[in-house]
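Below you'll find the structure, written out as structure tokens, and then a few comments.
The values are calculated or read from the model by the stated rules, or taken from the named source; none is laboratory data. Treat the numbers as computed from the prediction; the structure is a model and nothing was measured. All Cβ positions, even for glycine, are placed from backbone atoms using ideal geometry, and neighbour counts span all protein chains on display.
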Amino acid sequence: MATKEQFTRQVLDLLDNNSGYNFESAMLLWWQDNRDQGGLRLTQSGHDNFEQAGLENWKFDLGPDDPARPIQLLMLKQHLCMPYYLKLGKKPCLIFYSSKEAAMYALYGNIDRFVMALKNSS
């Protein structure tokens, strides 16, 4: 499994040298939790830069009945192996940078069932 450091270096290599980011600033600004065991959740800045680098992603709109509860956030953090972005607010969405994880989410159709499947698979 790739690490945040590896993902960060790969994206920096794909971005224009004038992106304004070095490795240290990208690590601080692109990841929701910078600790080694902090999961692979991206910040808005991280998602923007991953998209700008041309990385393929899959977006799923979340409905009002799909709130991001702490247990869901914890399960995503612990079980997803590729970067993802969770946008909260009026139009929440979940964006995967892994076709496998996106396909799995599409099978379950909502965040509660998806998180339960992640929990049961471990």
**Asked** Only one residue in Y84, Y105 is within 21 Å of T8 (Cβ to Cβ) and among the hydroxyl-bearing types (S, T, Y), so which one is that?
**Response** Y84
**Asked** Inside region 69-104, can you point out the residues that are in contact with a strand residue (DSSP E or B) (Cβ under 6 Å, 6 or more places away or on another chain) and either at pLDDT 95 or above or of a type in the set (A, V, I, L, M) (or both)?
**Response** P83, Y84, Y85, L86, L94, I95, F96, A102
**Request:** Sort out which residues of region 1-26 are assigned to a helix (DSSP H, G or I), over 21 Å from K87 (Cβ atoms) and touching a helix residue (DSSP H, G or I) at 6+ places or on another chain (Cβ under 8 Å), and write them in order of number.
**Result:** E5, R9, L12, F23
**Prompt:** Looking at this structure, is L42 in contact with a helix residue (DSSP H, G or I) (Cβ under 9 Å, 6 or more places away or on another chain) and either of a type in the set (S, T, Y) or at pLDDT 95 or above (or both)?
**Reply:** yes
**Request:** Name every residue in region 29-39 that is part of a loop (DSSP other than H, G, I, E, B) and touching a Ser or Thr at 6+ places or on another chain (Cβ under 9 Å), in order of residue number.
**Result:** Q32, D36
